1. Considering region B:119-133 alone, what residues qualify as being in contact with a Leu (Cβ under 8 Å, 6 or more places away or on another chain), open to solvent by 50 Å² or more (accessible area, probe 1.4 Å) and assigned to a helix (DSSP H, G or I)?
2. Those residues that are under 16 Å from A:L15 (Cα atoms) and more than 8 Å from every other protein chain (Cβ to nearest Cβ), I need them from region A:41-61; list them, please.
3. Somewhere in region B:212-233, is a residue touching a His at 6+ places or on another chain (Cβ under 9 Å) and open to solvent by 40 Å² or more (accessible area, probe 1.4 Å)?
4. List, please: which pairs have Cβ atoms under 6 Å, are six or more places apart or on different chains, and start with a residue in region B:46-74 that is of a type in the set (F, W, Y) and end with one that is part of a loop (DSSP other than H, G, I, E, B)?
5. Out of the residues in region B:1-15 meeting the condition of being within 18 Å of B:A62 (Cα to Cα) and touching a residue at least 60 places away in the same chain (Cβ under 8 Å), tell me which one is most open to solvent (accessible area, probe 1.4 Å).
6. Of (1) buried (at least 17 other Cβ atoms within 10 Å of the Cβ); (2) closer than 30 Å to B:Q418 by Cα; (3) at pLDDT 85 or above, B:I302 satisfies all except one. Which?
7. For residues that are touching a residue at least 60 places away in the same chain (Cβ under 8 Å) and either within 18 Å of B:W96 (Cα to Cα) or open to solvent by less than 10 Å² (accessible area, probe 1.4 Å) (or both), scanning just region A:62-82, find the one that is farthest from the other protein chains (Cβ to nearest Cβ).
8. Of B:F313, B:F285, which residue is more than 21 Å from B:G238 (Cβ to Cβ) and without any contact (Cβ under 8 Å) to a residue 40 or more places away in the chain?
Amino acid sequence: MTELNNMFPVQLDQLGVNQRAEVIRVLDHPLQTRLMALGFTAGVKILLFKIFGGNQTYILQLPSQLIALRQEEAALIEVRSL
Amino acid sequence: MSLPKILLIGPPNSGKSSLFRHLTGVQVKSVNYPGSTMSIQSAIWRDQFELLDTPGAYSLNAQTEDERLTQQVIQSTESYQGIWLVLDATQIKRQWGLFQEIIKLNKPVMVILTMKDLLNALDVSIDVNQLSQQFGVPWTCLQTNHAAHDLNFLALTQKFVSQLNEGSRPMVLDFSYPHPLSDLDEKLTYGLESWSLKWDRLALHPVWGLPLFTLILFFIFASLFWVSDPLMIMVESGFEFLQAWVGSIDLWGYQAFLAEALIPAISSFVVFVPQITMLFVILGFLEASGYMARGVTLLDHILKRFGLSGRAFAPLIAGYACAIPAILSTRQLSSTRERKLVLWITPLLSCSARLPVFIFLVQSLWGQQSVVWRVLALFVIYLLSTAMAMSAAALVNRLLPPVKQDSLLAIDLPWYRQPAMGKVFYDALLRSRDFVVRAGPVIMTLSLLMWGLSRYPQSSGGEITRSYLAQLSSWMEPVFSPIGVDGKTGIAVLSAFAAREVFVSTYALVHALEPDTLPESILDDAQVGNFAPNLSNATRVALILFFIVALQCLSTVALQAKESGSWSFALGQLFIFNGVAYFLAWLAYQTVSLF
């Protein structure tokens, strides 16, 4: 069942801390541009490192960096849970 | 023949400015780029080429004012001949997008990878020859502080410059641009990540992260007010010595003007340079170490409630030293709306020029109370100033038309690293110089004007109470009296429009008080009644509120007009803040007078 769930895209803000995922796409253009400049593109594998500020701020660990996002920005990113 | 121009381009913290500084030393000038109000650094290198240091940019798809300037400079392709693209070798994967954008410009490019020392420490090497062959443009890897003596780099530079002089175009060989250093990434990731992530488990901890950051902020304030204090006293003493010496010699009748007007006018802004430099050193240290990005992240969800983002943190904190550098740092904000909001509230943050006034008023109110109460009172004043600024931001944010999602957080948190202190100090000095150049002439001119108004027309006793300033103050007495301020104190309030801290010295002058009877620090045990004799408690409270809100610094107004691109914005601030300040002072005076 878990494997079946993992096949469907979810929004990044649905993940829990220490959960891994693969980026599918960013749904908002300005955010996509900003994230692309930071090396955050489709296919990148991420780990949700921390959530704080009353679930307002998300810290993602990428292969060679950390990125901080707001909850509403995370909600605009589709990922596949790994 | 004019020298070829080379643009220095790279993401923030890539070592670009450090390279610029180590190559060019102090022979730097700021040039305004056509069509832009912002300046970039320029220097001639060994009479061979002109190097232009552009603001850091992650991409040519500009998001911030700084990136827009870089984009603007790059797009004017006829104004330069070549590009040095500076990339952090340890972050090459994320900076690969900028490389792809730059190489497509079809201009001669030389790629300079920095942080060679870090690569060596991690036992990682990069084959720059292979990269040069693969991409058809020269690559080199160096340690920026050794660049001026790096023979490989110097030889490559000579070759690159001679190609520029010949006007040759690059032969870009590989247009697929796959990221070529994936193996390197793996090694780097595990080398740097482990200890950086360990720190981040605390620094970004949901519970402890913010208290730790608050503690660090406290130390920043402590440094600003206590560590820089001896330096400020030294500068002040130096000017006092100069003033006394000039006043004692015969300079063809000009000694009085020099000693009483010109030297104090210069001193009135130079005295703040140590504090402002200290602030920039601290902010530069936080930025270069990687912790600033964590601070921005930690504060984002709090500042968001006021229509701001975590990125507003740097200009806001700078505002507590001086509004001028704070206004200049708003260029880093990507959202125009957020930039306007920060510009709007910056004058409300209690800059260091207000501190002597607050110390004077707190001491005159509670000089006989214990030091704890006085420090607490000063803390409450700063808290009130912050609350006013945040309330103003929230109010203006509500009044502005709503937007879907204007400001983004989406911030890169670089791995922690040991800051290059040389660069941190150099940048701080450049920014302090910016303050002196921009604010100095305005403050000096106004100080001289106020001196003229307070000295002329000369009476037989040379009394300030008969001067133009006194006449103006007497004319304005009906305006001052509702807040409990008499004519003499009104002169001091008006003189604060030259520079706020002048209030204290003018107050002492018009009341014929000995300067050494005035308390200089909140820690001094002052005897109430020895100074500020004609101020009632209601007036003192009213003046505290007035100075918290009033916008008196006219160099701030001038810079606001320039940076916001609108004189109505700046004049609006001038009238609204001073109107609100007056209203609050009146309200406080009337209320406290009842008790």
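The values are calculated or read from the model by the stated rules, or taken from the named source; none is laboratory data. Just so we're clear, the structure is a prediction, and the values are computed from it rather than from any experiment. Neighbour counts are summed over all protein chains in view; Cβ atoms, including those assigned to glycine, are modelled from backbone coordinates with ideal geometry. Ligands, DNA and RNA are excluded from the accessible area calculation, which covers all protein heavy atoms including side chains. Shrake-Rupley method; radii C 1.70, N 1.55, O 1.52, S 1.80 Å.
1. B:Q133, the sole residue that qualifies.
2. A:V44, A:K45, A:I46, A:L47, A:L48, A:N55, A:Y58, A:L60
3. Scanning region B:212-233, I find at least one residue that is touching a His at 6+ places or on another chain (Cβ under 9 Å) and open to solvent by 40 Å² or more (accessible area, probe 1.4 Å), so the answer is yes.
4. Within 6 Å, the pairs are B:F49/B:L3; B:F49/B:P4; B:Y58/B:P11.
5. Of the residues in region B:1-15, the ones within 18 Å of B:A62 (Cα to Cα) are B:7-14.
When the remaining residues are screened for being touching a residue at least 60 places away in the same chain (Cβ under 8 Å), the result is B:7-11, B:13-14.
Numbers: B:L7: 0, B:L8: 0, B:I9: 1, B:G10: 1, B:P11: 2, B:N13: 63, B:S14: 1 Å².
Ranking the candidates gives B:N13 first.
6. Against the list (1) buried (at least 17 other Cβ atoms within 10 Å of the Cβ); (2) closer than 30 Å to B:Q418 by Cα; (3) at pLDDT 85 or above, B:I302 comes up short only on (1).
7. A:V79
8. Numbers: B:F285 fails: without any contact (Cβ under 8 Å) to a residue 40 or more places away in the chain.
None of the others qualify; the one that does is B:F313.
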